[in-house]
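Structure first, then comments.
The values are calculated or read from the model by the stated rules, or taken from the named source; none is laboratory data. A quick note: this is a predicted structure, and the numbers were derived from the prediction, not measured. Every residue, glycine as well, gets a Cβ built from its backbone with ideal geometry; the counts of neighbours run over all protein chains shown. The protein model used for the area step is the full one, side chains on, heavy atoms only, and it has no ligands, DNA or RNA in it. Shrake-Rupley method; radii C 1.70, N 1.55, O 1.52, S 1.80 Å.
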Amino acid sequence: MNRMTVQSIASATATSLARAVVCRGVTKDFGEGDTRVQALRGVNLDVLGGEMTLLVGESGCGKTTLISIVAGLLDPTAGEVTVLGQSLRHLRGRRLVQFRGQHIGFVFQQYNLLPALTAAENAAVPLIISGRKRAEAVAKARTVLEAVGLGSKVNSLPSQLSGGQQQRVAIARALVHEPKLLVCDEPTAALDAHSGQTVMQLLRRVAVQPGRAVIVVTHDNRVFGYGDRIVHMSDGTIERVEEQTVARGS
Amino acid sequence: MSWIAIKMLTGDRAKYLGIVAGIAFAALLIAQQASIAIGLLMRTTSHIQDIADPDIWIMDPNIQFIDELKPLTENDLYRVRGVPGVAWAVRFYKGQGRLKLDIGGDKKKAKYQQSVVFGIDDAAFVGAPREIVLGKLADLRRPDAVMIDENGYRYVWPNEPLAVGRELEMNDRRVVIVGICKASETFNTFPIFYCQYHQAIRYVPQERKVMSAMLAGVEPGADAEEVCRRIQEQTALRPAKPGDPARPGLKAMTNQQFIDSTLMYFVRRTGIVVNFGITVSLGFFVGCAVAGQTFYSFTLENLRQFGSLKAMGLTNRRIVGMVLTQAFLAGFIGYGLGVGGAALFGKAMTSSGSRLAFLMPWQVLAATAAAIFVIVLLSSFVSVIKVLVLEPAVVFRG
């Protein structure tokens, strides 16, 4: 199946559900002249709400560049990106930052927790950024930590938690402000197999909700079973899209 | 976000202590060296500060500071007394006396000591010491009577109890110590002797003019500076010959003006400011280097965290606020520790009788605060730039 056909099928399927992310003809170049590298070559992608979409492929295939663009962290060289019905081209500066803060949650490969803050304080950070009072934000974060199974660790520092626990705090942080789009970059890469499975199960159980789209970048094929759709990337393009049925809460 | 910034900073103990220590060291060095320089400079004016009775000092027009007093004539005294606004004016003598400490002893083994001699008004004792430790001021009316300052006494006779009745030779004349008084530490550390004016001029080689200066008070309600101007105007002499400029009158200055003039002389003519300035500058640059390098390193280590915060919706303005909060908190604590340390050092050294010149007026604290403010700004500048240009997409690069 050629690439265009795959993408057309993917787009046609997507129309049946609310499209949280729509990418059309997205390209991204780094450098200029002889040093120019084309990281994305005309990518078309739809990400649906209520689903978990896995972006998979070998290192350097453009996965990270694509989610950076989708999350509004990077500008595309060409093409159109619409997130939650809002064209990112029309959001600039402060408005883009506010959009990200309100509607997008992030889970990073290296967790990126603030080492001096407790689990609850770390999870409360997005609420504090949005202007909520500290006590109120931490209280809300505690309930989310309970939901991810870390109710007994709310006052622990990241250094007192295992890798899996830290990633669960990062997931709580990503969900605490109830974003409509969750972007996860290699959430299991720094974890052992068991912890990786636990984190993916948690993402499926807690993060995947009606009206919320979850994008997970991974090259860990042990977790492919958790995605509703698997977008295979290669050399800056989408090679194929697989759809599969995953039981809720699995 | 301020509390997050503060927790980030204080959570990294090693870096936090490094930054605070760098700033504290700079503040300590700047405040301590500046206080010593000011202490030394103020000692050059201690005679003027100790003689608090008069409002005005009147001297030869060429005088710049207290140690170069040029004698005046008795006639000058009467001219000054006639100036409107002058309530009273009295003679004052300041000179040096050579002390022979063991009177009548073997000349080959005799010890000599230079000293400062103040001749104060015979009648009203204008210019007398403010605080008497031993003896009575009235005892200065006794024959050959002098009063010595406590520091000078301890300098000449260390480890001996304070006592009156000692006999000495000053410029080959007998003097008897009838009292011991307080006087500020002087720049040259010479003992200070107070005696009546008529007695003081017996100790010095006879010259045509002997009156070093005049001390005057102004009438109630009169402006001292205006009276000074009048004294200078009314004591001016007509030109020596027609066509020549008028000869200047006596120089009259208020106590504060005379203190300032003496200070400026030492600032201009000695290397005190330059020498101490070099050490103060060193403290500033070392503070900049240590605090700046450590703070930059702290920011670099937290760059990923700052990137995450940016990705999560924190604006550049608030991130800059966080960096500045961290820098100024470290600056504030470092400043407190530094000036506190300098003050404790000064207190410990001066109370242990080390004769350290140390004076820490509020201006030293303010100047040190300004220097630390600049250090903090410079230290945080590079970090702020680094954070501002940081692309939030960095958080996705493993």
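Side notes on the structure shown:
- In the stretch A:112-129, the residues that are within 9 Å of another protein chain (Cβ to nearest Cβ), more than 8 Å from residue A:170 (Cβ to Cβ) and touching a residue at least 12 places away in the same chain (Cβ under 8 Å): A:114, A:115, A:116, A:117, A:121, A:125, A:126, A:129
- For the stretch A:148-164, taking the residues that are in contact (Cβ under 8 Å) with a residue 24 or more places away in the chain and assigned to a helix (DSSP H, G or I), the one that is farthest from residue A:203 (Cα to Cα) is identified as A:159.
- Exactly one residue out of B:133, B:126 is farther than 23 Å from residue B:98 by Cβ, in contact with a strand residue (DSSP E or B) (Cβ under 7 Å, 6 or more places away or on another chain), open to solvent by less than 30 Å² (accessible area, probe 1.4 Å) and of a type in the set (A, V, I, L, M): that is B:126.
- Pairs meeting the criteria (first residue in the stretch B:1-26 and within 7 Å of chain A (Cβ to nearest Cβ), second residue of a type outside the set (Ser, Thr, Tyr) and part of a helix (DSSP H, G or I), beta carbons under 6 Å, at least 6 apart or on different chains) are B:1/B:318; B:1/B:322.
- Looking only at the stretch A:130-163, and only at residues there that are within 12 Å of chain B (Cβ to nearest Cβ) and surrounded by fewer than 17 Cβ atoms within 10 Å (Cβ to Cβ), the one that is nearest to residue A:189 (Cα to Cα): A:159
- Residues in the stretch A:179-213 that are of a type in the set (Gly, Ala, Ser) and crowded, with 21+ Cβ neighbours inside 10 Å: A:196, A:207, A:213.
- Only listed residue being open to solvent by less than 60 Å² (accessible area, probe 1.4 Å), within 44 Å of the chain's Cα centre (by Cα) and not polar (S, T, N, Q), chosen from B:314, B:390, B:309, B:356: B:356
- When each of A:29, A:34 is tested for being open to solvent by 40 Å² or more (accessible area, probe 1.4 Å), among the charged types (D, E, K, R), over 22 Å from residue A:172 (Cβ atoms) and more than 12 Å from chain B (Cβ to nearest Cβ), the lone residue that passes is A:34.
- Boolean, residue A:123 is assigned to a helix (DSSP H, G or I), surrounded by fewer than 19 Cβ atoms within 10 Å (Cβ to Cβ) and either on the phi > 0 side of the Ramachandran plot or at pLDDT 85 or above (or both): no
- Members of the stretch A:49-98 found to be among the β-branched types (Val, Ile, Thr) and either buried (at least 17 other Cβ atoms within 10 Å of the Cβ) or outside any loop (DSSP other than H, G, I, E, B) (or both), listed by number: A:53, A:56, A:64, A:65, A:67, A:69, A:70, A:81, A:82, A:83, A:97
- Some residue of the stretch B:331-340 being without any contact (Cβ under 8 Å) to a residue 60 or more places away in the chain and closer than 13 Å to residue B:19 by Cβ: yes
- Within the stretch B:173-228, the only residue that satisfies the criterion of being open to solvent by 10 Å² or more (accessible area, probe 1.4 Å), among the aromatic types (Phe, Trp, Tyr) and at pLDDT 90 or above is B:197.
- Condition broken by residue A:238, with the remaining ones in (1) touching an Asp or Glu at 6+ places or on another chain (Cβ under 7 Å); (2) not in a loop (DSSP other than H, G, I, E, B) satisfied: (1)
- Residue match in the stretch B:326-340 (condition: out of contact with any Asp or Glu (no Cβ under 9 Å at 6 or more places or on another chain), crowded, with 20+ Cβ neighbours inside 10 Å and within 14 Å of chain A (Cβ to nearest Cβ)): yes
- Pick from the stretch A:102-111, criterion facing chain B (nearest Cβ under 7 Å) and surrounded by 23 or more Cβ atoms within 10 Å (Cβ to Cβ), ranking: modelled with the lowest pLDDT: A:108
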